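A quick write-up on the structure given underneath.
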Amino acid sequence: MRRVSILALALVAIVALPDAAHACAVCFDASDENRQAFLVTTAFLSLLPLGMVTGTGIWLRRRVRERDASGAEGSESESSSS
Amino acid sequence: MTTQSAAYPAPVKRAPVVSNGVLGMLVFIIAEVMFFAGLISAHSIVRSQTAGQMWPPFGQPRLPVQETAINTAALLVSGIVLVIAWFAFKRDRSTARIPLLLSILLGGFFVWFQGLEWTALLGEGLTIQSSSYGGFFYLIVGAHAAHAVAALAGLVWAWVWLGKERLTVSQLATVSAFWYFVVLVWPVLYVKVYL
C-alpha cells in the first residue's frame with residue numbers, strides 16, 4: 001500500500017512539475033532578434049575567456065623563448081670568447 | 001658532496017619574463033574584461049527584446065553622441081601619448097614627465113566631461129531607475145568611469161614617483177597596462193551604449 005502511494009506521488013510529480021520548471025528562465029521572448037542576441041552573447045562569453053587565456057599563454061611562451069634564445073646566444077658568445 | 005654537485009649542476013637563476021606587477025595586472029584585466037563583457041551581453045539581450053520598438057524608450061532623453069565622440073577621441077589620444085611616454089621613459093627617464101602628465105590631463109578631461117554629461121542627463125530626467133535604458137547607461141558608463149578614476153590615480157602616482165626618480169620600468173608598465181585597458185574598452189562601450 002505504501003509503495004503504491006509513493007508511486008502515485010511520483011507519478012503526480014512527474015506530470016505536474018515539468019509545467020512549473022521551464023527549460024530556460026530567461027528565454028521569454030521568441031523573436032528572432034532576441035534568439036540571435038542569446039546565441040551571439042553565449043558564443044561571445046564562451047570564447048572570450050578562452051581567447052584571452054590562450055593569447056596570454058602564447059605571449060608568455062614567446063617571451064620565454066626570446067629570453068632563452070638571448071641567454072643561449074650570451075652563453076655561446078661567452079664560451080667562444082673563453 | 002663534491003660528487004653530488006658534479007652530477008647535479010647548480011640551478012641557474014633566470015630573469016622573469018614578466019614582472020609580478022604586470023602579470024598580476026594582466027590577470028586583473030582579464031577578470032575586468034569578463035565583467036564588462038557580461039554587462040554588454042546583458043545590455044544586448046535587453047535591447048533585443050525591444051526590437052521593433054523605440055530605443056531609447058519613449059520619453060527618455062537621447063544620449064549626446066557627438067560630444068561623447070570628441071571625449072572618446074581625447075581618451076584615445078591619452079592612450080597614444082602614454083605610449084610616447086613609455087618610449088621616452090625607456091630612452092631617457094626625465095623626458096617622460098611631460099607626455100605622462102599630458103596623458104593624465106587628457107584622462108582627467110575625459111572623466112570631467114563624463115561628469116558634466118551625467119549632470120545634464122540627470123537634469124533631463126534620465127536616472128538609473130527611470131528605465132532599463134537609464135539603468136544600463138549609468139551601470140556600464142559608471143563602472144568604466146570608476147575604472148578610469150582608479151587608473152588615473154595610478155598614473156598620477158607614477159608621475160609623482162617619476163619626479164622623485166624612483167619609478168621603475170615594471171611599475172610604469174603595470175599602471176600603463178591598466179590605463180590601456182580603460183582606453184581600449186571604451187570604444188566598445190561607446191558603440192554599444194551610445195549608438
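The numbers here are math on the coordinates, done by the rules we state, and not lab data. None of these values were measured; they are calculated from a predicted model. FYI the Cβ positions are ideal-geometry reconstructions off the backbone, even for glycines, and counts take in every protein chain you see.
Enumerate the lysines that residue B:90 could reach by cross-link, defined here as Cα to Cα under 26 Å, with residues fewer than 8 away along the same chain left out. Partners found: B:13, B:164. Counting neighbouring beta carbons within 10 Å and listing from fewest to most, the residues A:46, B:170, B:103 come out as A:46, B:170, B:103. Long hydrophobic helices in chain B: the complete DSSP H runs spanning 18 Å or more by Cα along their own axis with mean Kyte-Doolittle hydropathy of at least 1.6 are B:169-189.
Mind telling me which of B:49, B:114, B:171 comes out most flexible in a GNM of chain B, alpha-carbon contacts under 10 Å? Of B:49, B:114, B:171, the Gaussian network model singles out B:49 as fluctuating most.
Grab the other residues whose beta carbon is less than 14 angstrom from that of residue A:10, score K and R as +1, D and E as -1, and report the net.
Value of the local net charge: +2.
Neighbouring Cβ atoms from other chains, within 10 Å of the Cβ of residues in B:38-46, number 4 on average.
Could you work out the local net charge near residue B:99, counting Lys and Arg as +1, Asp and Glu as -1, over the other residues with Cβ closer than 14 Å to its Cβ? Taking every Cβ under 14 Å from that of residue B:99, the sum is +3. Restricting the calculation to Cα atoms, every distinct pair contributes to the Kirkwood radius of region B:117-174, found to be 13.7 Å. The largest-to-smallest principal axis extents of the Cα set in the protein assembly as shown are 90, 66, 30 Å. Calculate the FRET efficiency for residue B:161 and residue A:58 from the Cβ-Cβ distance with a Förster distance of 30 Å, rounded to the nearest 0.05. With R0 = 30 Å, the Cβ-Cβ based efficiency is 0.40. In this simple spin-label approximation, residue A:65 and residue B:67 carry label points 7 Å from Cα along the Cα→Cβ vector, and these lie 5.0 nm apart.
Taking beta carbons within 10 Å but only from partner chains, what does the mean come to for residues B:73-84?
Numbers: counts 0, 0, 0, 0, 0, 0, 0, 0, 0, 0, 0, 0.
Across the residues of B:73-84, the mean count of other-chain Cβ atoms within 10 Å is 0.
For an R0 of 30 angstrom, estimate the FRET efficiency from the Cβ-Cβ distance between residue A:17 and residue A:39 and round to the nearest 0.05. Before the final figure, lay out the partial values.
Working: r = 28 Å, r/R0 = 0.94.
Efficiency at R0 = 30 Å is approximately 0.60.
Percent of Cα pairs in chain B per distance bin of 5 Å, from zero to the largest separation: 1, 7, 14, 16, 15, 12, 9, 7, 6, 4, 3, 2, 1, 1, 1, 1, 0, 0.
Using the Cα centre as the reference, give the magnitude of the dipole from point charges on the C-beta atoms of region B:65-195 (Lys, Arg: +1; Asp, Glu: -1; all else neutral), rounded to the nearest 20 debye. Please list the in-between numbers first.
Numbers: 7 positive and 5 negative charges, 117 e Å.
With only Lys, Arg, Asp and Glu charged at Cβ, the dipole is about 560 debye.
Each stretch of four or more DSSP H residues adds -39500 (n - 2.57); spread over every residue of chain B, this sum gives -26000 deg cm²/dmol at 222 nm. Please find the FRET efficiency linking residue B:146 to residue A:48, where r is the Cβ-Cβ separation and R0 is fixed at 25 Å, and quote it to the nearest 0.05. Calculated value: 0.75.
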